[in-house]
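Comments concern the structure below.
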Amino acid sequence: MQIEKSFRGISERLAKHYLQNLGGEPGGDEATIVASDWTAHVSSEKVSIGPSLELTEVTVVFSGDESILDELVERFSQKAMRAGG
């Protein structure tokens, strides 16, 4: 199963740090964090907010068993929501 979530207000570096705090380790490339029962791929892009403002939007694609991902995504989302300033 895969779940894709996007977050604003955090960086790729911080997203990877949170994923490592949740039990993952850097994977085969710098965009992937892996654990024994899940994998996450992190990417980012600039998105326009209004006519003159851009924000970074980080997208995380979580892969694994549904029962594992439900809790993982919830825990990651809580961390990501506290990151904004």
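The values are calculated or read from the model by the stated rules, or taken from the named source; none is laboratory data. It should be emphasised that the depicted structure is a prediction, and the values quoted were computed from it without experimental measurement. Quick reminder, even Gly has a Cβ in these numbers, built from the backbone with ideal geometry, and neighbours come from all protein chains shown. To get the accessible areas, we keep the full protein, side chains included, count just its heavy atoms, and leave off ligands, DNA and RNA. Shrake-Rupley method; radii C 1.70, N 1.55, O 1.52, S 1.80 Å.
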Hey, can you tell me all the residues within segment 19-43 that are open to solvent by 60 Å² or more (accessible area, probe 1.4 Å), in contact with a helix residue (DSSP H, G or I) (Cβ under 8 Å, 6 or more places away or on another chain) and either on the phi > 0 side of the Ramachandran plot or among the polar types (S, T, N, Q) (or both)? Asn21
Could you identify the single residue in Lys46, Lys16, Lys5 that is among the basic types (Lys, Arg) and either touching a Cys at 6+ places or on another chain (Cβ under 8 Å) or buried (at least 16 other Cβ atoms within 10 Å of the Cβ) (or both)? Lys16
When (1) free of Cβ contacts under 8 Å to residues at least 60 places away in the same chain; (2) open to solvent by less than 30 Å² (accessible area, probe 1.4 Å); (3) out of contact with any helix residue (DSSP H, G or I) (no Cβ under 9 Å at 6 or more places or on another chain) are applied to Val58, the one that fails is (3)
Given the condition part of a loop (DSSP other than H, G, I, E, B) and at pLDDT below 95, answer yes or no: does some residue in segment 19-27 qualify? yes
Taking the conditions exactly as written (open to solvent by 60 Å² or more (accessible area, probe 1.4 Å), of a type in the set (A, V, I, L, M) and at negative phi), does Leu69 satisfy them or not? no
